[in-house]
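The values are calculated or read from the model by the stated rules, or taken from the named source; none is laboratory data. What you see is a predicted model; the values in this text were computed from it and never measured. Because the Cβ atoms are built from the backbone with ideal geometry, glycine has one as well, and the counts that use them run over all protein chains shown.
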Amino acid sequence: MNKYISKIKLLVLASTMLAACTKLDEQTFGSLSPDNFYRTEKEGLSSVVGVYSLLSQVVHIGDPWRISEFGTDEFVVPGRASGGWFDQNQIDIIQHKAKPDNGRAAQAWVNIFQEIGTANAVLESLEKSPNAANLKGLIAETRALRAYGYFYAMDLWGNVPLVTTARIEPANLPKTNSRKEVFDFVTSQMLKAADDLPSVKTVQKTAYYPRFTKEAVYAALATVYLNGQVYTGTAYWDKAIEMADKVISTGAYKLEKDVVDNFRSTNEDKSTELISSFSVDATKNAGGNQFILYAQHSLDQKKYNLPFIPANGYSTGQEALDRYEDRDNRKSLIEYGPQTYLDGTPLRYPNGQQLILVPVKDLVGAEDNEGYHVLKYTPVGAKWAGFNGDNDLVLMRYSDILLIKAEAQFRTGKVAEALGLVNDVRARSNASALTSLTLKNIEDERAREFIWEGHRRRDMIRFGTYFTGTWKFKTTVTEPWRAIYPIPAAQINANPNLVQNPNY
């Protein structure tokens, strides 16, 4: 959000926060009165910003993001020999063995439906406001935010309840909707939202950043349609191309010179590549970015002069590293092997031994130096409040639009056009140009470009490698029904109208 929005981000929605579906016995989920609130856009925006904040917790660092990365070949969190980080829930997901009582997946459900429920309450109050006619943009933003929440619910669990009101009657608890029904709802709601949102070409970017524009919603739709065959059994490749073209045709976006520029705290509203993101500013109590806390080795405190000791948790492995050519600049974002300060001086433990990062050998009892680390959000130039950085959280980038269009073109026989788009993305990072193209090339390029951006699980499912592929901690073929997670047992216990996903 702009500076005003950032300052109020954590202060809003005290009266509109919804319980997750585990508390469906509570009847009232919103207390705003349309007679005395949302008299101005500023008042309405104060609540809409809170929904943005909740969505940011869904797509970054929180459990929904974690379970979208666990189970892929690019993400692992081993239990340490010191006893830290061990969590059987995580290990079960990593090994594709999640059950309905998995605590990590259960919390992800709560996070997502809290965002959806809050969006319902805000949307209802906006639509009932006497000033609703002047709040069309805010209503559209909230509609898109709710649709985004349902997109993640559909992606992770498939068959989920569709609730669009701020009040649920205990005697009429919601029933499970099919994945196709949720897909139709998400796409229709996003299209409706786009109609009433301003274009990136008509807003003053710095002042409006990073609220949703038409193009932000079209970009989201491109992703949804790209995965449409997984969700519904029907391919939507032409729709994915159509949505991508709506973004490309504006001429408002281009690739940044260096991929890391998208993740610098100093770029943000100046970026030419960011289509949608979440503004955080820990120094103003307006959220924070904790990637560095969770993802980096403890000795990186000295390397980057951090005001805290990183927790040495999130890691990647050899499979992800080996996708990159040595000349590919994106490879430098993975910390592996002998570690140094920024000036090339060896980074050493207090005993004088240099830190050498090696692959994780086992999910339980990993040593301090096991695990490669992805430097997704650079700490260079960041401002800190404790362990919270001020790097804005990235939701959608222009490179994703180019690769979405390339994949959809390839799948519809337009191979030459697709090759050109893939090479455009590769050229930015100094990767060698491809002379021919396969679906495997496209999958690998997406893995290189979007490591730890929450896409890999969806991509692997769409390409089939989530099931047929094997890697360090997944050594056997996975059953196709594990493309979606089990509905958490706590949700079914609270609401017997919900139906468990097949085979769980």
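Out of the range 77-130, which residues are more than 23 Å from Trp157 (Cα to Cα) and basic (Lys, Arg)? Those that are more than 23 Å from Trp157 (Cα to Cα) and basic (Lys, Arg): Arg80, Lys128.
So that you can scan it fast, the table gives a plain yes or no per residue for (1) out of contact with any Phe, Trp or Tyr (no Cβ under 8 Å at 6 or more places or on another chain); (2) of a type outside the set (Gly, Ala, Ser); (3) surrounded by fewer than 17 Cβ atoms within 10 Å (Cβ to Cβ):
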position: Tyr148; (1), (2), (3): yes, yes, no
position: Leu162; (1), (2), (3): no, yes, no
position: Lys175; (1), (2), (3): yes, yes, yes
position: Gln229; (1), (2), (3): no, yes, yes
position: Thr234; (1), (2), (3): yes, yes, yes
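Scanning the range 270-305 for residues that are surrounded by fewer than 22 Cβ atoms within 10 Å (Cβ to Cβ), more than 19 Å from Leu55 (Cα to Cα) and either among the charged types (D, E, K, R) or touching a strand residue (DSSP E or B) at 6+ places or on another chain (Cβ under 6 Å) (or both) yields Lys270, Glu273, Thr283, Lys284, Lys302, Lys303.
For the range 260-278: of the residues being touching a Phe, Trp or Tyr at 6+ places or on another chain (Cβ under 7 Å), not in a strand (DSSP E or B) and not charged (D, E, K, R), which is farthest from Ala216 (Cα to Cα)?
Checked the range 260-278; the qualifying residue farthest from Ala216 (Cα to Cα) is Phe263.
For Asn36, the conditions (1) farther than 30 Å from Trp471 by Cα; (2) modelled with pLDDT of 75 or more all hold with the exception of (2).
Cβ-Cβ distances below 7 Å connect the following pairs, each with a first residue in the range 48-72 that is more than 25 Å from Leu126 (Cβ to Cβ) and in contact (Cβ under 8 Å) with a residue 40 or more places away in the chain, a second residue that is of a type in the set (Ser, Thr, Tyr) and in a loop (DSSP other than H, G, I, E, B), and a separation of six or more residues or different chains: Ile67/Tyr485.
Could you please find all residues in the range 170-226 being of a type in the set (Asp, Glu) and under 21 Å from Glu242 (Cα atoms)?
Selection gives Asp184, Asp195, Asp196, Glu215.
Reported count of residues in the range 183-211, each being over 18 Å from Lys254 (Cα atoms) and touching a residue at least 60 places away in the same chain (Cβ under 8 Å), is 6. Among the candidates Ala416, Ala427, Ala406, the residue that is farther than 17 Å from Leu255 by Cα, of a type in the set (Gly, Ala, Ser), in a helix (DSSP H, G or I) and at pLDDT 95 or above is uniquely Ala416.
Quick check: anything in the range 94-103 crowded, with 24+ Cβ neighbours inside 10 Å and at pLDDT 95 or above?
No, the range 94-103 contains no residue that is crowded, with 24+ Cβ neighbours inside 10 Å and at pLDDT 95 or above.
Scanning the range 306-325 for residues that are touching a strand residue (DSSP E or B) at 6+ places or on another chain (Cβ under 9 Å) and either free of Cβ contacts under 8 Å to residues at least 60 places away in the same chain or closer than 17 Å to Ala385 by Cα (or both) turns up Leu306, Pro307, Phe308, Pro310, Leu321.
Total residues in the range 187-211 satisfying the condition of being of a type outside the set (Ser, Thr, Tyr) and within 21 Å of Leu403 (Cβ to Cβ): the figure is 2.
Tell me the residue from Lys205, Lys201 that is more than 22 Å from the chain's Cα centre (by Cα) and farther than 20 Å from Leu45 by Cβ, please.
One residue alone meets the criteria, Lys201.
Taking the range 119-218 and the helices (runs of 4 or more DSSP H) fully enclosed by it, the elements with 2 or more residues that are modelled with pLDDT under 95 are at 205-208. Scan the range 124-131 and tell me whether some residue there is acidic (Asp, Glu) and more than 22 Å from Tyr485 (Cα to Cα). For the range 124-131, residues acidic (Asp, Glu) and more than 22 Å from Tyr485 (Cα to Cα): present. Among the residues examined, Leu342 qualifies as assigned to a loop (DSSP other than H, G, I, E, B) and hydrophobic (A, V, I, L, M, F, W, C). Taking only the range 235-259 into account, find how many residues are assigned to a helix (DSSP H, G or I) and more than 23 Å from Val224 (Cα to Cα). Of the residues in that region, 1 qualify. Scanning the range 405-416 for residues that are hydrophobic (A, V, I, L, M, F, W, C) and either free of Cβ contacts under 8 Å to residues at least 24 places away in the same chain or surrounded by fewer than 24 Cβ atoms within 10 Å (Cβ to Cβ) (or both) yields a count of 3.
Checking the range 75-91 against the condition returns a match, with at least one residue being surrounded by fewer than 21 Cβ atoms within 10 Å (Cβ to Cβ), among the β-branched types (Val, Ile, Thr) and modelled with pLDDT of 95 or more. Taken over the range 85-110, the criterion of being in contact (Cβ under 8 Å) with a residue 60 or more places away in the chain and in a loop (DSSP other than H, G, I, E, B) is satisfied by Trp85, Phe86, Gln95, His96, Ala98, Lys99, Pro100, Asp101, Asn102.
When the range 73-84 is examined, which residues are found to be under 22 Å from the mean Cα position of the chain (by Cα) and in a loop (DSSP other than H, G, I, E, B)?
Scanning the range 73-84 gives Asp73, Glu74, Phe75, Val77, Pro78.
Within the range 380-391, the residues that satisfy the criterion of being touching a Lys or Arg at 6+ places or on another chain (Cβ under 9 Å) and surrounded by 18 or more Cβ atoms within 10 Å (Cβ to Cβ) are Ala382, Gly389, Asp390, Asn391. In the range 475-496, how many residues are touching a Ser or Thr at 6+ places or on another chain (Cβ under 9 Å) and either surrounded by 15 or more Cβ atoms within 10 Å (Cβ to Cβ) or over 18 Å from Val110 (Cβ atoms) (or both)? Result for the range 475-496: 9. Does Thr213 count as crowded, with 17+ Cβ neighbours inside 10 Å and either under 19 Å from the mean Cα position of the chain (by Cα) or β-branched (Val, Ile, Thr) (or both)? The answer is yes for Thr213. Would you confirm, using the coordinates I've provided, whether Val230 is at negative phi and part of a helix (DSSP H, G or I)? It is true that Val230 is at negative phi and part of a helix (DSSP H, G or I).
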